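What follows is a set of notes on a single structure, which appears directly below.
The values are calculated or read from the model by the stated rules, or taken from the named source; none is laboratory data. Since we're looking at a predicted model, the values are computed, not measured. Please note: Cβ atoms are built from the backbone with ideal geometry, for glycine as well, and neighbour counts cover all protein chains shown.
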Number of protein chains: 4
Amino acid sequence: MTQTMIPLAGALTPEGHRLTQRVYYEDTDFSGVVYHARYLHFLERGRTDFLRCLGVEQADMTVEGEKAAFVVRHMDIDFLASARMDDILTILTRTETAAGARMVLRQTILRENVRLMEASVTIAIINAAGRPRRLPTDLQQKMLGM
Amino acid sequence: MTQTMIPLAGALTPEGHRLTQRVYYEDTDFSGVVYHARYLHFLERGRTDFLRCLGVEQADMTVEGEKAAFVVRHMDIDFLASARMDDILTILTRTETAAGARMVLRQTILRENVRLMEASVTIAIINAAGRPRRLPTDLQQKMLGM
Amino acid sequence: MTQTMIPLAGALTPEGHRLTQRVYYEDTDFSGVVYHARYLHFLERGRTDFLRCLGVEQADMTVEGEKAAFVVRHMDIDFLASARMDDILTILTRTETAAGARMVLRQTILRENVRLMEASVTIAIINAAGRPRRLPTDLQQKMLGM
Amino acid sequence: MTQTMIPLAGALTPEGHRLTQRVYYEDTDFSGVVYHARYLHFLERGRTDFLRCLGVEQADMTVEGEKAAFVVRHMDIDFLASARMDDILTILTRTETAAGARMVLRQTILRENVRLMEASVTIAIINAAGRPRRLPTDLQQKMLGM
């Protein structure tokens, strides 16, 4: 068997951040295909590794010296086609807008060249008290560069 | 301890189908609140029990004698506030439109009177081959009655 | 449709704590039955509500004024038969031993009178630093009473 | 950032099959560490990719021309230490016994050189009707070779 090698945290490419993930048993339901909410897990892995490739580890993130976190505020999702057990998925993540305390990411899940899902995800940055915090300028620049 | 009694499959009410669910360990993440994708599980439990209260068991559903299934085509979701471990959630499900092979449900997750999530969910009916099938008239009537 | 009413947090009975839960889409996999790891979610809901019925809310638990938590140290699990979509499950939880910083619970999952799973679960109490803490005497007495 | 490259399906090594996986948000709970049942997902990914490296795709598996599936019959699990968000885990899978319709796998989850979990997993092969089927001799030989 030839081994497919992948970068563990995905890679920054001209189309956006690109992450490869496998569909396992846990992702499917009795209808035979991937359970609809599981695609959100793949999207979240994509966003986490996109940020990781930009130098952000979410478990230790700070903004102006304060502990901070990203939270999802809005999602608009088109379910276009289904993935199945053993499929190899590509999760593409690109920045649409990033300004103030909010950013919008555009995410696509593909199996080879077939688009399975398109999602627009609005993210906010908040501090430990839940107050919105401005996206740091250097991170904003890096994100808009993608 | 006084026991809160709930109907296992929820109940049809003038505001729509109403299901009570508890937040457990499995629903939370290290940020301390419920993981965003888990709300879609609560929504799906609400839709399943809404259909169950209308007489539809999804595992055995047929349309014109053919095996059929509901699939999610589109979701538009506002994440308004967070749920936490041990919270008791109410999932409200109402029909917005139901015509042809498509229906749109409006779903709300509440903790007491606080809205945590608003979602608009577009559902299609398909047969085993993945072809769209028309919503049976009697089910359409029942759904629109809610 | 006649509504089955259930106590949200289950109930203490002579056989142990008894919790009723429904199998939803999310619990199944493409083999058509419940995904094996999901039974551990049902077991954990049972333990959480067992403790809740004994007056313990895990999110706020303290031992001798210190924040404390239960952690699973060992599980021995027999998978006897499979659950399917729409099944109604009973999770039974009883104390086998409770002494020092450790307790062993015996848990059974049933569909009507059919046993689907038997599990022996060893739990420890730890403080925020991960150090073992003794089970408070009053909780130990309550647990052994079950 | 230097990219860590990994084989997507893991690799067969003298210690057994070796799979690298990342801990994401979805795997953690509000206690701050990985939710105990999620380790079973990592174990199952390990078993699936172990079989894949031996040439078995579970979604299409047949035994003597009949559709067949692996099912978990027993698990004995020691939870030794906790994983956290962003951790990189190694899942090791080796065959302990494989005879008749049953095999026992020994699985370990490590973070660098720290053992987080040890599990002994008994697996059976069944046909579509749930009847036990003998492990094909060539697969048995391959498994015992690991």
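Being closer than 24 Å to B:I77 by Cα and not β-branched (V, I, T) is the filter here; which residues of the range B:122-134 pass it?
Filtering the range B:122-134 down to residues closer than 24 Å to B:I77 by Cα leaves B:122-126.
B:A124 - this is the single residue of the range B:122-134 that is closer than 24 Å to B:I77 by Cα and not β-branched (V, I, T).
Within the range D:81-101, is there a residue that is acidic (D, E), within 30 Å of A:G10 (Cα to Cα) and in contact with a Phe, Trp or Tyr (Cβ under 9 Å, 6 or more places away or on another chain)? Within the range D:81-101 (the criterion being acidic (D, E), within 30 Å of A:G10 (Cα to Cα) and in contact with a Phe, Trp or Tyr (Cβ under 9 Å, 6 or more places away or on another chain)), the answer is yes, since at least one residue qualifies.
When only residues in the range D:1-51 that are among the aliphatic types (A, V, I, L, M) and in a helix (DSSP H, G or I) count, which is surrounded by the fewest Cβ atoms within 10 Å (Cβ to Cβ)?
Initial filter on the range D:1-51 (among the aliphatic types (A, V, I, L, M)): D:1, D:5-6, D:8-9, D:11-12, D:19, D:23, D:33-34, D:37, D:40, D:43, D:51.
If we keep only those that are in a helix (DSSP H, G or I) as well, we get D:40, D:43, D:51.
On the way: D:L40: 25, D:L43: 25, D:L51: 21.
Selected residue: D:L51.
Taking the conditions (1) touching a residue at least 60 places away in the same chain (Cβ under 8 Å); (2) part of a strand (DSSP E or B); (3) surrounded by 16 or more Cβ atoms within 10 Å (Cβ to Cβ) in turn, A:I77 satisfies each one other than (1).
Would you mind stating whether C:L116 is part of a strand (DSSP E or B), away from chain B (no Cβ under 14 Å), touching a residue at least 60 places away in the same chain (Cβ under 8 Å) and surrounded by 16 or more Cβ atoms within 10 Å (Cβ to Cβ)? Here the answer is yes, as C:L116 does meet what is asked. Selection of first residues in the range C:128-144 that are within 19 Å of C:G16 (Cα to Cα) and of second residues that are at pLDDT 90 or above and in a loop (DSSP other than H, G, I, E, B), restricted to Cβ pairs under 6 Å at least 6 apart or on distinct chains, gives the following pairs, ordered by first then second residue: C:K142/C:L54. Scanning the range A:119-142 for residues that are buried (at least 16 other Cβ atoms within 10 Å of the Cβ) and either aliphatic (A, V, I, L, M) or in contact with a Cys (Cβ under 7 Å, 6 or more places away or on another chain) (or both) yields A:A119, A:V121, A:I123, A:A124, A:I125, A:I126, A:L135, A:L139. Considering (1) surrounded by 19 or more Cβ atoms within 10 Å (Cβ to Cβ); (2) assigned to a strand (DSSP E or B); (3) among the hydrophobic types (A, V, I, L, M, F, W, C), the lone condition that A:A83 does not fulfil carries the number (2).
On inspection, C:D86 qualifies as under 28 Å from A:H36 (Cβ atoms) and among the charged types (D, E, K, R). Pairs are defined by a Cβ separation below 9 Å, a sequence spacing of at least 6 or placement on different chains, a first member in the range D:1-27 that is at positive phi and at the interface with chain A (Cβ under 7 Å from one of its Cβ atoms), and a second member that is among the basic types (K, R) and assigned to a loop (DSSP other than H, G, I, E, B); no pair meets this definition. For the structure I just gave you, tell me whether C:A69 is part of a strand (DSSP E or B), in contact with a Phe, Trp or Tyr (Cβ under 8 Å, 6 or more places away or on another chain) and in contact (Cβ under 8 Å) with a residue 12 or more places away in the chain. When the stated conditions are applied, C:A69 does not pass them.
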